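In what follows, a single structure is set out as structure tokens and then discussed.
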Number of protein chains: 2
Amino acid sequence: MDVKLRAARKEDCREICRMVMELAVFEKMPDQVKISHEELERDGFCQNPLFECIVAEVPEEHQSRGFAVVGYALYFYTYSTWKGPSAYLEDLYVMPEFRGKGIGKGLLSKVAEVVKKKGCARLQMSVLEWNTKAQNLYASKGAQDLTVSEGWHAMRFEGQHLDNLAGEAPKE
Amino acid sequence: MDVKLRAARKEDCREICRMVMELAVFEKMPDQVKISHEELERDGFCQNPLFECIVAEVPEEHQSRGFAVVGYALYFYTYSTWKGPSAYLEDLYVMPEFRGKGIGKGLLSKVAEVVKKKGCARLQMSVLEWNTKAQNLYASKGAQDLTVSEGWHAMRFEGQHLDNLAGEAPKE
């Protein structure tokens, strides 16, 4: 199948937002999604965008449920105090009916190509323990599971806890 | 003790670089550090900085080994497709002889305050499994261990694997 991978445009945000929710449903945490397509437009398509995105597009005859955009990879730039400029792949998603055709692998490679060109030494991502399919894709391309090999755990402050923490900051 | 927390300046990069290495030694991975203070200066103190940093400074009479800067918190802005603008605390470090005085907690709160003001919904970080002291600090302030509660693993491509992956990107 003829699949085109291209940089997302502002007008793709409705479709990206739809797929963000589909991915969250797959990950069994749909209640956590609070984003709107307007926010994605504002944050990703401004002077200093907070993220970049590549979408996978199929020709009209292959469209599913009327959607031409059938997958996406959303990433942003980070920093490693050990290696310098790096990148983080926040989401990688392909609609179920388009899986098994190498689209996910294509999106992943495309992100790697873009961030390499920008001088990033690392590309990181998070994967759920039970999502062996994603783990196998990453591992087959040489990714290291840092939680297993080095013992890293992900921690998060949000909501009231983040507010409280901020409120405890020493005053000048 | 009178400890001042302030935004890092370009001229702090030598001291930050020294502490990056001290932290890596503590984390038992000093071989992974490839950064120089020149790179920190270039990446953190330019038009669109790749990170921000807060340092803890002590008055002359309390200086250890001649250092006025005795701790740092280095962070950058990220993006959550579930919650929007977020932040990541890459490093939090206080020199051994200055621990137990609330400096780490002060740096952490200060980062929370800064990123909250910038509209971040989340502050994330990674912690090593055996580093119970750091885990306890984060947990005592309400951080959630996402690796335990939701099963997230951190994955990374770097070096030859990242090069290979980038080389496999579909051509136009």
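The values are calculated or read from the model by the stated rules, or taken from the named source; none is laboratory data. Computed from a predicted structure; not experimentally measured. As a convention, Cβ positions derive from the backbone with ideal geometry for all residues, glycine included, and neighbour counts pool all protein chains shown.
Listed values, structure above:
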{"read-out": "Selection from the range B:132-172 of residues that are closer than 16 Å to A:S140 by Cβ and surrounded by fewer than 12 Cβ atoms within 10 Å (Cβ to Cβ)", "value": "B:Q160, B:G167"}
{"read-out": "Pair list, Cβ under 7 Å, 6 or more apart: the range A:22-49 residue facing chain B (nearest Cβ under 9 Å) and within 14 Å of B:S80 (Cβ to Cβ), other residue small (G, A, S) and surrounded by 11 or more Cβ atoms within 10 Å (Cβ to Cβ)", "value": "A:Q32/A:A24; A:V33/A:A24; A:I35/B:G84; A:E39/B:G84; A:D43/B:G84"}
{"read-out": "Test set (1) within 25 Å of B:V69 (Cβ to Cβ); (2) not in a helix (DSSP H, G or I) - B:W130 fails condition number", "value": "(1)"}
{"read-out": "Residue count, the range B:59-100 (criterion: part of a loop (DSSP other than H, G, I, E, B) and in contact with a helix residue (DSSP H, G or I) (Cβ under 6 Å, 6 or more places away or on another chain))", "value": "2"}
{"read-out": "Members of the range B:134-172 that are in a loop (DSSP other than H, G, I, E, B) and within 22 Å of the chain's Cα centre (by Cα)", "value": "B:K141, B:G142, B:A143"}
{"read-out": "Residue satisfying all of: in the range A:110-127; over 19 Å from A:A8 (Cα atoms) and either part of a loop (DSSP other than H, G, I, E, B) or touching a residue at least 24 places away in the same chain (Cβ under 8 Å) (or both); farthest from the other protein chains (Cβ to nearest Cβ) among these", "value": "A:G119"}
{"read-out": "Candidates A:V70, A:V33, A:V25, A:V55 - the one that is farther than 30 Å from B:E41 by Cβ and touching a Gly at 6+ places or on another chain (Cβ under 9 Å)", "value": "A:V55"}
{"read-out": "Condition check for B:F51: aromatic (F, W, Y), surrounded by 14 or more Cβ atoms within 10 Å (Cβ to Cβ) and modelled with pLDDT under 95", "value": "no"}
{"read-out": "Conditions (1) out of contact with any Leu (no Cβ under 7 Å at 6 or more places or on another chain); (2) within 7 Å of chain B (Cβ to nearest Cβ); (3) among the β-branched types (V, I, T); (4) farther than 18 Å from B:L162 by Cβ; number of the one not met by A:T78", "value": "(4)"}
{"read-out": "Pairs with Cβ under 8 Å, 6+ apart, first in the range B:1-16 and within 18 Å of B:C46 (Cα to Cα), second exposed (fewer than 14 other Cβ atoms within 10 Å of the Cβ)", "value": "B:C13/B:E38"}
{"read-out": "Residue list for the range A:29-48, filter: part of a helix (DSSP H, G or I) and either among the polar types (S, T, N, Q) or surrounded by fewer than 13 Cβ atoms within 10 Å (Cβ to Cβ) (or both)", "value": "A:D31, A:Q32, A:E38"}
